[in-house]
Amino acid sequence: MNSQSILDDGLSLVVSPEYAIALVETQFTRHRDQNWLQLRSQTHAWTVARGLLPPDIARIHANGLRYVNLVAGYYVDAPAKALRTILDFSIWFFIWDDHHGRYALHGHDRRWGRLRDALHIVLSEPSLHTNDPDPLVAGLADCVQRFYQQLDERWNKRFATHFHAVIEAYDREYHERIAQLVPSVEDYLALRRHTFGYEVWIDCLELAAGQALPRDVIDWPEYRDAGLASQEFSGWYNDLCSLPKELASGELHNLGISLIHHHDLSMPEAIAEVRRRVTSRVKDFLRAEQTLLRRLASEQLAPEMEGAVRHCLSNMRNWISSVYWFHHESGRYRVEEWEDRAQPPYVRDMCLKEDM
């Protein structure tokens, strides 16, 4: 089966069989916020103004990476301020991830340690660090300061707690990579929950809904199950599609790599197993979605609160379709088109600019 979608430029996009998930293509319509083109221009300008990407690198690579296309499909119909902040934060996250990989590859222990510690500090007092000389520190501070202005203190503390865990997970991954340690499948999946930022992105659903949900609603098993199924699909599908890229670059943290290393699978067998697990999480989401909708029909929530929960659930669904198609339209994973399969051109160019 070859699956197709139409790109923004009208070209047809083909998904090869090992990556195609029929359940996603037939039951998840892709949506995108109506203001995504304007937001793309604003976010690209923000990455340059913040020094996260040099102007020429942004001009050459930003549109082809399609990060804004991805995120504008995550949080559809969000307030403009919320979506703009989430977009900037998401682009920051991609760039931070690329720097983290580079530091691990070259053993930049001191640089990584300074960055790790500074990011933790930013979460407590972002307003004091928006002009930090390190663009990654200043960029996160700018995003977090804007996040903290939008909902309430409970949400702010929850977001900070979840992102502290992300930073610590990146630190663990850094040291495992330096030690050339491939985590077991179980250890990797536990780590992936944080390196992908599952809880952070679930928090952002509320930001997009314009309403912080009360603790008892967040803790509903149906809500938790739907959110985690959506996120695990996204994290594991990323592993499936990025496996060739990460093998070429010497990465050790990928579900497929753990299966190859610890379960003695061939690469085709690992791809098939990851694809099976990914598909199972789509099925889990569909079950949780129906269970949550039934609970909402029976609960006596205030109309604005019920609307916020439904908005969050709708965007959990949008995560699945947006992540799916992004991995086949973005240049981030097209190793066969790169001059050096071990060095993505946007990372290599960025590193050369840094070191000049």
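The values are calculated or read from the model by the stated rules, or taken from the named source; none is laboratory data. Quantities reported herein were computed from a predicted structural model and do not represent experimental measurements. Every residue, glycine among them, receives a Cβ derived from its backbone with ideal geometry; neighbour counts consider all protein chains shown. We work out accessible area using only protein heavy atoms, side chains counted, and drop any ligands, DNA or RNA first. Shrake-Rupley method; radii C 1.70, N 1.55, O 1.52, S 1.80 Å.
Before moving on, here are some points about what is shown:
- Of the candidates 252, 189, the single residue that is in a loop (DSSP other than H, G, I, E, B) and either at pLDDT below 95 or open to solvent by 20 Å² or more (accessible area, probe 1.4 Å) (or both) is 252.
- Complete set of residues in region 26-57 that are open to solvent by less than 60 Å² (accessible area, probe 1.4 Å), in a helix (DSSP H, G or I) and either within 20 Å of residue 99 (Cβ to Cβ) or acidic (Asp, Glu) (or both): 43, 44, 46, 47, 48, 56, 57
- Residue 310, sole failed condition from (1) at pLDDT 95 or above; (2) in a helix (DSSP H, G or I); (3) buried (at least 17 other Cβ atoms within 10 Å of the Cβ): (3)
- Put simply, of 111, 177, 154, 116 the only residue that is open to solvent by 20 Å² or more (accessible area, probe 1.4 Å) and within 20 Å of the chain's Cα centre (by Cα) is 116.
- Only one entry in 317, 341, 348 is among the basic types (Lys, Arg) and either modelled with pLDDT of 70 or more or open to solvent by less than 60 Å² (accessible area, probe 1.4 Å) (or both), namely 317.
- Among the conditions (1) farther than 30 Å from residue 227 by Cα; (2) without any contact (Cβ under 8 Å) to a residue 24 or more places away in the chain, residue 53 misses just one, which is (2).
- Matching residues in region 192-215 - criterion: being assigned to a helix (DSSP H, G or I), within 21 Å of residue 240 (Cβ to Cβ) and not charged (D, E, K, R): 194, 195, 198, 201
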